[in-house]
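Below you'll find the structure, written out as structure tokens, and then a few comments.
Just so it is clear, none of the values below were taken in a lab; they were calculated from the coordinates. Small disclaimer: the values here were computed from a predicted structure and weren't measured. We place every Cβ from the backbone using ideal geometry, glycine too, and count neighbours over all the protein chains shown.
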Amino acid sequence: MAEVARLAGVSSTTVSHVLNQTRRVSPETEELVLQAVARTGYRNNLAARALAIQSTDTVGVAMSVVTNPYFGELVRDIERVLRHAGYTMIVADTNDDPVVEVDVIDHLLARRVSGLIVSPLEGNAELTEGMSKLLDDGFPLLFLDRRSTLPGDQVYSECVDSIYHLTAHLAAQGHRRIGYVQGNLNTMSAQDRLTGYRKAISELGLDNDPLLVIAGESAARVTEQRVVAHLTTVDKPATALVVSNNQMTLGTMRAIRQCRLRVPRDIALICYDDFEWADLFDPQITAMAQDAATLATTAVDLLLARIKTPDRQPQAVALPTEFHHRDSCGCGRRKHRGSAK
């Protein structure tokens, strides 16, 4: 920052105001600062900022809250546990975008939070570097819902065996062409769930066809379009689908309806992630449920322990899921289209 200030002919304070938009400066001065930033390649150091300010009894939460109801449920439970512990919470929506996630973490640190709970994305060097520096400098940072490759505290639901179980359940009903609706692979949870599906396909001797993997990108609209394309253009489409999150389940249901198919008569459906209204569908949706309340409680407990004892060893907690057996998998119904004799 000092080098940027020298090149621009301004104070370090002015550089800070330009970069953080904390006070208006003249357009000419702003342009000088931005040119100096470009020349030096300067980036805000999240760890340094966190250490340079005095923290408060506030915890920042960065995750994709608005677009995913599951995260909304998690945030509600986190706030309840934090409030009971005497902390307040600031939530920032990452929109599942790594660039946005860097920005919101920076802003949360500027609010002098005592710790951070983040649902991390992978594949962005700046984001990984920033969070790695926070951990190296002892800042209380916890990864929630999505496993991270960084050595920090983390709490998430078990994924690999859960998806394996869902796939095996459909195989037990005679399905061999089991499709998989895949989430955004920028998250470790999506990668782990895909691993569970591939493990089941290999070990159970099911059809190993790349066309059976549908890239839903963790978005309902994208999923709807791509499931429709699969069901209408593939010569031998899936007779059953494993959907790997709740948003994509909604898109899949719309796609099946658009193709004038019925669950489970024409195609069986099973999903990872349960939601409050899953049993309101007809048929009711068979799902692997995560325990949001336990995830939130465990996460807050670990983060507060880190705040009190910064030097403790990082801990990773994988919580079990629960199989909610309903109707959409087609158990006990007449034989599925294309199923084995």
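Contact annotation: residue pairs with Cβ atoms under 7 Å, 6 or more positions apart or on different chains, pairing a residue in the stretch 240-265 that is under 10 Å from V228 (Cβ atoms) with a partner that is surrounded by fewer than 21 Cβ atoms within 10 Å (Cβ to Cβ) and charged (D, E, K, R), are G251/R221.
Note on the stretch 190-303: enclosed strands (runs of 3 or more DSSP E) holding 3 or more residues that are under 23 Å from A172 (Cα atoms) are 240-243, 268-272, 286-289. Summed over the stretch 307-321, residues that are touching a strand residue (DSSP E or B) at 6+ places or on another chain (Cβ under 7 Å) and under 15 Å from V155 (Cβ atoms) total 7. Just so you know, in the stretch 265-305 the residues that are of a type in the set (S, T, N, Q) and crowded, with 19+ Cβ neighbours inside 10 Å include one that is nearest to R176 (Cα to Cα), and it is T286. Count of the stretch 138-178 residues, restricted to those that are buried (at least 24 other Cβ atoms within 10 Å of the Cβ) and more than 26 Å from I78 (Cβ to Cβ), is 5.
Here is the figure for the stretch 306-316: residues that are surrounded by 15 or more Cβ atoms within 10 Å (Cβ to Cβ) and not in a helix (DSSP H, G or I) total 1.
Among the residues of the stretch 130-155, those identified as more than 17 Å from R306 (Cα to Cα) and touching a residue at least 60 places away in the same chain (Cβ under 8 Å) are G130, D145, R147. Across the stretch 163-189, the number of residues qualifying as aromatic (F, W, Y) and in a helix (DSSP H, G or I) comes to 1. Please tell me if V227 is out of contact with any Lys or Arg (no Cβ under 6 Å at 6 or more places or on another chain) and free of Cβ contacts under 8 Å to residues at least 60 places away in the same chain. It is true that V227 is out of contact with any Lys or Arg (no Cβ under 6 Å at 6 or more places or on another chain) and free of Cβ contacts under 8 Å to residues at least 60 places away in the same chain.
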